[in-house]
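Novice: Sharing a structure, written as structure tokens. Questions coming.
The values are calculated or read from the model by the stated rules, or taken from the named source; none is laboratory data. No experiment lies behind these values; they were computed from the predicted model shown. Reconstructed Cβ throughout: ideal geometry from the backbone, glycine too, with neighbour counts over all protein chains shown. Please note that ligands, DNA and RNA were not included when accessible areas were found on the heavy atoms of the full protein model with its side chains. Shrake-Rupley method; radii C 1.70, N 1.55, O 1.52, S 1.80 Å.
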Amino acid sequence: MKIYDAKPILIGLLIFVGFVSMPFWLHGGKVSPPPDPKLDTPAIQILEKKECVASKEYMRTSHMVILNDWRTQAVRNSKRFYVTAGGANYPASLQRACMKCHSNKAQFCDTCHNYIGLAPYCWDCHLPPKQETAQATK
Amino acid sequence: MGMKFALGVVLGLALAAIVGVKVLGLQYVFGVVIPYAALGTFLIGFIYRIIDWARSPVPFRIPTTAGQQYTSLTWIKPSKFDSPYTKLGVVGRMALEILLFRSLFRNTKMQLREGGKLTYHWEKWLWLAALAFHYSFLIIFLRHFRFFADPVPGIIQWLENADTFFEMGLPGILLSDFVLVVAATYLFIRRVVIPQVKYVSLPADYFVLFLILAIAITGMLMRYIWRVDIVSIKQLTMGLVTFHPTVPKGISVLFFVHLFLVSILFAYFPFSKLVHMGGIFLSPTRNLPNNSRMVLHVNPWDYPVKVHTYEEYEEEFREKMVEAGLPVEKPLEGMEEDKAE
């Protein structure tokens, strides 16, 4: 059977289908490896009990909430320390707590953030720690 | 009644995903099989609908005109978009229609006043809500591309940054999420509150609204309240688009509900009024130039018709007609002979 105005309709349809199926042909069936955040910094390796301020599951989904709370508490209420569920006391600070152990921003924070296309604004103000060699020369 | 039924179906679907994942452990079915099937149904169904429409001839110009046509009288101003007579005018009309919902902008409220007086009221809320709804939906759709591309294109990141413009909380409040929910809620309330609109509302009308609202709400829950591990989720989605499906452990059931409802939306799309996404481009009352007076339009189905003239008819049935005593134009040959004798 005849298709009327076939040219514009089929071109439009092709563009639409191409757009919807873009993720498929963009990767060409090539597996994209999931991120692999590294936990092997020297600071972590000398720890006796390797534990974070909260459980791994919680940190995976909600670390940004803790950071946001810390900021609010520090800036609004001058509360600069955080007591974990296990009773440990940490300075409520990205640079003086988190990054002390996770000093490898590029191999830790950035792996997942880049994978899901996030550019958190932490680093607009905070400085990532210099890697070990740089620290030694300081 | 229709409303309750539609709500029941949406809640039932959500429950089916929860039971399927939590009780029966069908992560692979809900995470891989159903999304693939839904996308296939969507693409094939959508193409079928468009081709089906494209095969329907539109022999004559039937644009709805809302303005003065082209005229040879120079002192009458033609209305280029409301009664377009050139291709360019039609493109302009379609662009205004698709991007700005111009015909909805013309919407007025009609009311019968005391003494039988008919009045027309300014009514832009439907247009505003529809525009907000569609554009926030588009932004949300495009933002989700970050789960289907590795590396994520810069434009998607830019879109997300623009969407979290106010930098409220972490993860930042996405404006489009809230605009979508507010606009869709308005569209729902409007449907219920205005008696005439409620009267013409079918279960299918409520169903898509509830489905989209449920998708938006599950998506927002996953971001703002019961946060999920989006790195594992991206592993799943990337597995889908690279044809190496995997279902990583530890993905929240909320994600499966969200994905299942989205799959339902995709699969249902070609069968529902939602195909207006493609249909708007093929609306003959919008996309035809009003040029009946300048161009001859020939009906494409005018083909040689098989006819049976009266002469042929009489030739075929003359004997029977004479037998039944019906008058004939040409008498039977035998009868003439009888008379001669």
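Novice: Answer yes or no: is there a residue in segment B:73-84 that is within 24 Å of B:P300 (Cβ to Cβ) and not small (G, A, S).
Specialist: yes
Novice: Tell me which of these A:K130 doesn't satisfy, since it passes every other one: (1) at pLDDT 85 or above; (2) within 19 Å of the chain's Cα centre (by Cα); (3) basic (K, R).
Specialist: Of (1) at pLDDT 85 or above; (2) within 19 Å of the chain's Cα centre (by Cα); (3) basic (K, R), only one is false for A:K130: (1).
Novice: Do we have B:L118 as outside any loop (DSSP other than H, G, I, E, B), away from chain A (no Cβ under 14 Å) and modelled with pLDDT of 90 or more here?
Specialist: Considered against the rule, which asks whether it is outside any loop (DSSP other than H, G, I, E, B), away from chain A (no Cβ under 14 Å) and modelled with pLDDT of 90 or more, B:L118 comes out as yes.
Novice: Then there's this: For residues that are away from chain B (no Cβ under 13 Å) and within 23 Å of A:S32 (Cα to Cα), scanning just segment A:99-113, find the one that is surrounded by the fewest Cβ atoms within 10 Å (Cβ to Cβ).
Specialist: Looking at the filtered set, the residue picked out is A:A106.
Novice: Name the residues in segment A:1-54 that are among the aromatic types (F, W, Y), farther than 15 Å from B:A149 by Cα and either more than 7 Å from chain B (Cβ to nearest Cβ) or in a helix (DSSP H, G or I) (or both), would you?
Specialist: A:F16
Novice: Could you please find all residues in segment B:49-67 being in contact (Cβ under 8 Å) with a residue 40 or more places away in the chain, open to solvent by 30 Å² or more (accessible area, probe 1.4 Å) and more than 11 Å from chain A (Cβ to nearest Cβ)? Step through it out loud before you land on a result.
Specialist: Going residue by residue through segment B:49-67, those that are in contact (Cβ under 8 Å) with a residue 40 or more places away in the chain are B:49-50, B:53-54, B:57-66.
Filter once more, so that each one left must be open to solvent by 30 Å² or more (accessible area, probe 1.4 Å): B:49, B:53, B:57-58, B:60-62, B:64-66.
Selection gives B:F60, B:R61, B:I62, B:T64, B:T65, B:A66.
Novice: List every residue pair whose Cβ atoms lie under 6 Å apart, where the two residues are 6 or more positions apart in sequence or sit on different chains, the first residue falls within segment B:268-283 and is within 11 Å of another protein chain (Cβ to nearest Cβ), and the second residue, located anywhere, is open to solvent by 50 Å² or more (accessible area, probe 1.4 Å).
Specialist: That search, which allows pairs on different chains as well, returns B:L282/B:W53.
Novice: Closer than 23 Å to B:R227 by Cβ, in contact (Cβ under 8 Å) with a residue 12 or more places away in the chain and more than 14 Å from chain B (Cβ to nearest Cβ) - does that describe any residue in segment A:55-77?
Specialist: Checked against the condition, which is being closer than 23 Å to B:R227 by Cβ, in contact (Cβ under 8 Å) with a residue 12 or more places away in the chain and more than 14 Å from chain B (Cβ to nearest Cβ), segment A:55-77 yields at least one hit.
Novice: Oh, and also: Here are the criteria: (1) within 14 Å of chain A (Cβ to nearest Cβ); (2) hydrophobic (A, V, I, L, M, F, W, C); (3) surrounded by fewer than 16 Cβ atoms within 10 Å (Cβ to Cβ). Tell me which single one B:V200 does not satisfy.
Specialist: The single condition B:V200 does not satisfy is (1).
Novice: Now a separate question. Those residues that are closer than 20 Å to B:F145 by Cβ, aliphatic (A, V, I, L, M) and touching a helix residue (DSSP H, G or I) at 6+ places or on another chain (Cβ under 7 Å), I need them from segment B:221-240; list them, please. Let's see the steps before the verdict.
Specialist: In the first step, residues of segment B:221-240 are kept if they are closer than 20 Å to B:F145 by Cβ; the result is B:222-223, B:228-240.
After this cut, where a residue has to be aliphatic (A, V, I, L, M) as well, the list is B:222, B:228, B:230-231, B:233, B:236, B:238, B:240.
Result: B:M222, B:V228, B:V231, B:I233, B:L236, B:L240.
Novice: Quick test of your reading of the structure: B:Y85 fulfils all but one of (1) over 26 Å from the mean Cα position of the chain (by Cα); (2) assigned to a loop (DSSP other than H, G, I, E, B); (3) surrounded by fewer than 16 Cβ atoms within 10 Å (Cβ to Cβ). Name the failing condition by number.
Specialist: Of the numbered conditions (1) over 26 Å from the mean Cα position of the chain (by Cα); (2) assigned to a loop (DSSP other than H, G, I, E, B); (3) surrounded by fewer than 16 Cβ atoms within 10 Å (Cβ to Cβ), the odd one out for B:Y85 is (3).
Novice: Mind checking which residues of segment B:32-67 are closer than 22 Å to B:K273 by Cβ and either polar (S, T, N, Q) or not assigned by TED's automatic domain parsing to the domain that holds B:K80 (or both)?
Specialist: Within segment B:32-67, B:T41, B:S56, B:T64 qualify.
Novice: Suppose the filter is hydroxyl-bearing (S, T, Y), out of contact with any His (no Cβ under 6 Å at 6 or more places or on another chain), open to solvent by 20 Å² or more (accessible area, probe 1.4 Å) and within 13 Å of chain A (Cβ to nearest Cβ); does B:S232 pass it?
Specialist: Considered against the rule, which asks whether it is hydroxyl-bearing (S, T, Y), out of contact with any His (no Cβ under 6 Å at 6 or more places or on another chain), open to solvent by 20 Å² or more (accessible area, probe 1.4 Å) and within 13 Å of chain A (Cβ to nearest Cβ), B:S232 comes out as no.
Novice: What pairs come up if the first residue lies in segment B:152-172 and is closer than 15 Å to A:Y115 by Cα, the second is open to solvent by 90 Å² or more (accessible area, probe 1.4 Å), and their beta carbons are under 9 Å apart, counting only those six or more places apart or on different chains?
Specialist: B:V152/A:N114
Novice: Of all residues in segment B:117-147, which are open to solvent by 60 Å² or more (accessible area, probe 1.4 Å) and either more than 22 Å from the chain's Cα centre (by Cα) or more than 27 Å from A:G117 (Cβ to Cβ) (or both)?
Specialist: B:K117, B:L118, B:Y120, B:W122, B:W125, B:L128
Novice: Condition (residue is touching an Asp or Glu at 6+ places or on another chain (Cβ under 9 Å), within 24 Å of B:G25 (Cα to Cα) and of a type outside the set (A, V, I, L, M, F, W, C)) applied to segment B:210-218: is it met by at least one residue?
Specialist: Scanning segment B:210-218, I find no residue that is touching an Asp or Glu at 6+ places or on another chain (Cβ under 9 Å), within 24 Å of B:G25 (Cα to Cα) and of a type outside the set (A, V, I, L, M, F, W, C), so the answer is no.
Novice: How many residues, within segment B:151-161, are at pLDDT 90 or above and exposed (fewer than 13 other Cβ atoms within 10 Å of the Cβ)?
Specialist: Result for segment B:151-161: 3.
Novice: With the requirement that a residue be assigned to a helix (DSSP H, G or I) and over 12 Å from the mean Cα position of the chain (by Cα), what does segment B:267-294 give you?
Specialist: B:A267, B:P284, B:T285, B:R286, B:N287, listed by residue number.
Novice: Right, next: Quick one: B:Y224 ticks every box in (1) open to solvent by less than 60 Å² (accessible area, probe 1.4 Å); (2) free of Cβ contacts under 8 Å to residues at least 60 places away in the same chain; (3) over 18 Å from B:V253 (Cα atoms); (4) out of contact with any His (no Cβ under 9 Å at 6 or more places or on another chain) bar one, so which box is it?
Specialist: (3)
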